[in-house]
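**Q** First the structure, then my questions, so here it is.
The values are calculated or read from the model by the stated rules, or taken from the named source; none is laboratory data. All values reported here derive from a predicted model rather than from experimental measurement. Every residue, glycine among them, receives a Cβ derived from its backbone with ideal geometry; neighbour counts consider all protein chains shown. For accessibility, only protein heavy atoms count, side chains too; no ligands or nucleic acids. Shrake-Rupley method; radii C 1.70, N 1.55, O 1.52, S 1.80 Å.
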Amino acid sequence: MAAKTNTTMSADIAVEAREIDFVSRFGRDIEILRDIMGTVRLEKKSPGTVIKSKYAEVTLAGGDVAEGEEIPYSKASVKSKDYSPIVFKKYKKGVTIEAITEHGYDAAVQLTDDQMLYSIEGDVVENFVDYVQTGTLTSTESSFQMALAMAQGRVRNKWKEMKKGISQVIGFCNILDAYEYLGASEITIQTQFGMNYIENFLGYSKLFLTSEVPQGKVIATPAENIVLYYIDPSDSDYSKAGLEFRTDGESNLIGVHVGGNYGTVVSEITAILGMVLFAEYLDGIAVITISNSTAASKSSTK
């Protein structure tokens with residue numbers, strides 16, 4: 001006798017478990033990322049919302065004020081410029097039945113799901129590191145240590161001018177510059193969310209070591225400057241169009257659907273993600289150039 005209509009089958013349970021595993025691991029990894037970067041705010045936005053980068057302008061007044069006279073106000077304003085709209089990015093992976101037959105389910109499906117997850121997370125971080133390189137607090141310093149010091153000093157001074165508090169400063173540098181400076185020092189390098197970092201280093205709560213930052217550059221920003229904007233995939237009407245995506249039911253940062261394409265006999269996983277890791281104030285990001293770095297030396301000899 002055939003199973004009754006709408007009976008939950010073992011294949012349905014396996015698909016559901018695969019979707020839940022993907023979205024829940026992504027959610028946990030984002031929480032780890034927010035934790036290691038500090039007090040990262042999470043802000044939900046509507047699709048198409050334009051992200052705006054901000055910068056502050058302060059015109060000082062006063063200073064030389066006679067005894068008993070009123071101290072004039074300094075003029076402070078915050079301006080903004082459009083950066084980009086938040087839109088869904090779409091990812092898809094397919095595994096053929098031949099691959100499953102040859103390598104088994106765990107290797108053909110689960111391992112490639114893992115790699116897809118890591119790649120999506122990597123895109124989020126890489127886009128953020130690319131963005132912070134556009135910071136407007138710039139200068140040139142003679143050494144790696146001086147660049148780290150001045151990067152932190154500049155953002156702390158800017159935040160003070162804007163009358164904002166700082167709980168911690170995070171930094172980014174090229175991994176080769178860091179190891180050249182550290183030499184044989186016994187420093188613990190930690191790894192989370194695919195990022196290498198040193199904790200509590202020269203005044204930085206975290207110093208991230210990455211090849212995404214060019215050699216000869218050091219970047220710093222307060223943790224309070226970082227915000228995570230996202231679109232909730234479950235807010236849309238996609239389900240009415242037959243496009244159903246599983247979310248984690250909490251922050252709903254990513255939507256995932258697993259299904260079989262019988263036209264090509266391929267197991268497919270589709271993910272949509274409307275998420276941008278962003279530094280709100282461009283002039284709250286210091287980008288310092290090291291004049292005597294290895295990269296600078298190579299450039300001068302060409």
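**Q** Of the residues Ala184, Ala149, Ala178, which is over 26 Å from Thr39 (Cα atoms) and either of a type outside the set (Phe, Trp, Tyr) or touching a His at 6+ places or on another chain (Cβ under 7 Å) (or both)?
**A** Values: Ala149 fails: over 26 Å from Thr39 (Cα atoms); Ala178 fails: over 26 Å from Thr39 (Cα atoms).
So the residue among Ala184, Ala149, Ala178 that is over 26 Å from Thr39 (Cα atoms) and either of a type outside the set (Phe, Trp, Tyr) or touching a His at 6+ places or on another chain (Cβ under 7 Å) (or both) is Ala184.
**Q** Kindly indicate which of Val218, Val213 is within 18 Å of the chain's Cα centre (by Cα), outside any strand (DSSP E or B) and among the β-branched types (Val, Ile, Thr).
**A** Just one listed residue meets the conditions, Val213.
**Q** Right, something else. What is the number of the single condition among (1) in contact with a His (Cβ under 9 Å, 6 or more places away or on another chain); (2) among the aliphatic types (A, V, I, L, M); (3) within 18 Å of Asp114 (Cα to Cα) that Leu253 does not meet?
**A** Among (1) in contact with a His (Cβ under 9 Å, 6 or more places away or on another chain); (2) among the aliphatic types (A, V, I, L, M); (3) within 18 Å of Asp114 (Cα to Cα), the lone unmet condition for Leu253 is (1).
**Q** Which residue pairs have Cβ atoms closer than 7 Å, lie 6 or more positions apart in sequence or on different chains, and pair a first residue in the stretch 190-217 that is among the hydroxyl-bearing types (Ser, Thr, Tyr) with a second residue that is part of a loop (DSSP other than H, G, I, E, B)?
**A** What qualifies is Ser205/Gly38; Ser205/Gln168; Ser211/Asn174.
**Q** Residues Thr191, Thr134: which one is polar (S, T, N, Q), under 21 Å from Gly38 (Cβ atoms), open to solvent by 50 Å² or more (accessible area, probe 1.4 Å) and not in a loop (DSSP other than H, G, I, E, B)?
**A** Step by step, each of Thr191, Thr134 is checked, and only Thr191 is polar (S, T, N, Q), under 21 Å from Gly38 (Cβ atoms), open to solvent by 50 Å² or more (accessible area, probe 1.4 Å) and not in a loop (DSSP other than H, G, I, E, B).
**Q** Follow-up. Give me the residue from the stretch 265-292 that is under 28 Å from Ser80 (Cα atoms) and either assigned to a loop (DSSP other than H, G, I, E, B) or of a type outside the set (A, V, I, L, M) (or both) and, out of that set, most open to solvent (accessible area, probe 1.4 Å).
**A** Per the criteria, the residue is Thr289.
**Q** For the structure I just gave you, tell me whether Gly203 is closer than 25 Å to Ile32 by Cβ and open to solvent by less than 70 Å² (accessible area, probe 1.4 Å).
**A** For Gly203, the condition - closer than 25 Å to Ile32 by Cβ and open to solvent by less than 70 Å² (accessible area, probe 1.4 Å) - is met.
**Q** Here's a follow-up. Confirm whether Tyr238 is open to solvent by 30 Å² or more (accessible area, probe 1.4 Å), out of contact with any strand residue (DSSP E or B) (no Cβ under 6 Å at 6 or more places or on another chain), more than 24 Å from Gly38 (Cβ to Cβ) and at pLDDT 90 or above.
**A** No: the conditions fail for Tyr238.
**Q** Which number in (1) touching a strand residue (DSSP E or B) at 6+ places or on another chain (Cβ under 6 Å); (2) exposed (fewer than 14 other Cβ atoms within 10 Å of the Cβ) marks the one condition that Ala220 misses?
**A** Checking Ala220 against (1) touching a strand residue (DSSP E or B) at 6+ places or on another chain (Cβ under 6 Å); (2) exposed (fewer than 14 other Cβ atoms within 10 Å of the Cβ), the one that fails is (2).
**Q** Further question on the same structure: Identify all residues within the stretch 164-186 that are touching a residue at least 60 places away in the same chain (Cβ under 8 Å) and open to solvent by 50 Å² or more (accessible area, probe 1.4 Å); write none if there are none.
**A** Lys164, Ser167, Leu176, Glu180 - these are the residues of the stretch 164-186 that are touching a residue at least 60 places away in the same chain (Cβ under 8 Å) and open to solvent by 50 Å² or more (accessible area, probe 1.4 Å).
**Q** OK, next. State which residue is modelled with the lowest pLDDT when the search covers only the stretch 43-53 and only residues that are part of a strand (DSSP E or B) and open to solvent by less than 60 Å² (accessible area, probe 1.4 Å).
**A** Filtering the stretch 43-53 down to residues part of a strand (DSSP E or B) leaves 43-44, 50-53.
With open to solvent by less than 60 Å² (accessible area, probe 1.4 Å) added as a condition, the list becomes 43, 51, 53.
Details: Glu43: 92, Ile51: 88, Ser53: 82.
Going through the qualifying residues, I end up with Ser53.
**Q** If I go through the stretch 206-217 residue by residue, how many of them are farther than 25 Å from Ile254 by Cβ and open to solvent by 30 Å² or more (accessible area, probe 1.4 Å)?
**A** Count: 4.
**Q** Same structure again: Can you confirm whether the stretch 158-174 contains a residue that is assigned to a helix (DSSP H, G or I) and closer than 13 Å to Ala220 by Cα?
**A** Looking for residues that are assigned to a helix (DSSP H, G or I) and closer than 13 Å to Ala220 by Cα, one finds at least one in the stretch 158-174, hence yes.
**Q** Which of the residues belonging to the stretch 115-129 are surrounded by 18 or more Cβ atoms within 10 Å (Cβ to Cβ) and either under 14 Å from Ile269 (Cβ atoms) or among the aromatic types (Phe, Trp, Tyr) (or both)?
**A** Those that are surrounded by 18 or more Cβ atoms within 10 Å (Cβ to Cβ) and either under 14 Å from Ile269 (Cβ atoms) or among the aromatic types (Phe, Trp, Tyr) (or both): Leu117, Ile120, Phe128.
**Q** Taking Thr112 as the residue in question, decide whether it is open to solvent by 20 Å² or more (accessible area, probe 1.4 Å), at negative phi and touching a residue at least 60 places away in the same chain (Cβ under 8 Å).
**A** no
**Q** Listed residues Tyr262, Tyr230; which is modelled with pLDDT under 95, closer than 22 Å to Thr112 by Cβ and open to solvent by 10 Å² or more (accessible area, probe 1.4 Å)?
**A** Unique residue meeting the criteria: Tyr262.
**Q** Another one. Scan the stretch 151-174 residue by residue and report those that are at pLDDT below 95 and farther than 19 Å from Thr140 by Cα.
**A** Hits for the stretch 151-174 are Trp159, Lys160, Glu161, Met162, Lys163, Lys164, Gly165, Ile166, Ser167, Gln168.
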